[in-house]
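Here's the structure we're looking at; comments come further down.
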Amino acid sequence: MFPIWQLFWLLVCYVLGSIPTGLLVAQRLKGIDLSRHGSGNTGAANAVRALGWSGGALVLALDMLKGVVAVGLAYLGGLMLPALILPVIKVVYGMAAIIGHNYSIFRGFRGGKGIATSFGVVLALSPRVAILAVLLWIAVVGLTRYSSVGSLAAAASLPILMIVYRESVVYILFGFAAAALAFYRHKDNIERLREGKELRIDDKILGGGSST
């Protein structure tokens, strides 16, 4: 039977993920509504355009932190459960935070792409996989200047890297789920890429769309 207290912790992780960090940072640093600037996305890529690299880095770090903290809460939520269940709880809590970021209760169930929060979860689950995925993101963005392309490449690498490093089946399944969700949330970006209308990470013009 699913323990009732797990619903409490799932709700906590969802609300944690729902915190609109990009909006809060933009309001604090420049007094602007990030959703009305650049691509309109509230993630780190658009924060770079509106706030500069330092502001974007802060949004990225805070969004990743949501994923790390959610996985950490599994140690509290799993205190009275068998140790074998802990990996499952970590993944479920992490997914709750990602879903919260993507469908924020504070923004009418709208949100970002979940990339930074997803990699925060991966960092807590398997640091070596997270590091390689981030390096891949950096390489792809460096070559293409498209945050969305880097995000999709890094997301696609997650299940592959989980398998290569022989992580648990639960983590591998998470890799597939996180990658699928990332591609779904980037469907508009993929269409804009096909049309040649996608914003590059360092573009300053209005319109288009990006990632995280």
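Please work out how many pairs of lysine residues in the chain are eight or more positions apart (or on different chains) and have Cα atoms closer than 21 angstrom. Present the calculation step by step, with values, prior to reporting the outcome.
Values: Lys30/Lys204; Lys66/Lys90; Lys66/Lys113; Lys90/Lys113; Lys113/Lys187; Lys113/Lys197; Lys113/Lys204; Lys187/Lys197.
Close lysine pairs under the 21 Å cut-off: 8.
When the helices in the chain are scored as -39500 (n - 2.57) per DSSP H run of 4 or longer and the sum is shared across all residues, what 222 nm value do you end up with, to the nearest 500 deg cm²/dmol? Can you show the working numbers first?
Numbers: 11 runs with 147 residues, N = 212.
Mean residue ellipticity, 222 nm, calculated: -22000 deg cm²/dmol.
Taking a point 7 Å from the Cα of Leu173 along the Cα-to-Cβ direction, the residues of region 86-129 with backbone N closer than 19 Å to it are 86-99, 121-122, 125-126.
Ranked by the mean number of other Cβ atoms within 10 Å of their residues, highest first, the peptides 160-166, 179-185 fall in the order 179-185, 160-166. If the chain linking Leu11 and Glu195 were pulled fully straight, counting 0.36 nm for each residue of separation and taking away their Cα-Cα distance, it would gain 62.3 nm. Here the relative contact order of region 40-89, from alpha carbon pairs under 8 Å that lie six or more residues apart, stands at 21 percent. Remark: region 1-111 projects, on average over all directions, an area of 7.1 nm² (convex hull of Cα atoms). Using the Cβ-Cβ distance between Tyr165 and Leu81 with R0 set to 25 Å, the FRET efficiency works out to roughly 0.45.
Cβ neighbours within 10 Å, averaged per peptide: list 103-114, 85-96 in order, most packed at the top.
Numbers: 103-114: 19.2, 85-96: 21.7.
My ranking of the peptides, most packed first, is 85-96, 103-114.
Hydrophobic long helices, here whole DSSP H runs in the chain with Kyte-Doolittle means of at least 1.0 and Cα atoms spread over 27 Å or more along the helix axis, are found at 53-72.
Two decimals is fine: what's Rg over Rh for the chain, C-alpha atoms, Kirkwood radius as Rh?
Expressed as Rg/Rh, it is 0.98.
No value in this document is a laboratory result; all are computed from the given coordinates. Note that the coordinates shown come from a computational prediction; the quantities given were computed from them, not determined experimentally. Glycine also receives a Cβ, built like all others from the backbone with ideal geometry; neighbour counts cover every protein chain displayed.
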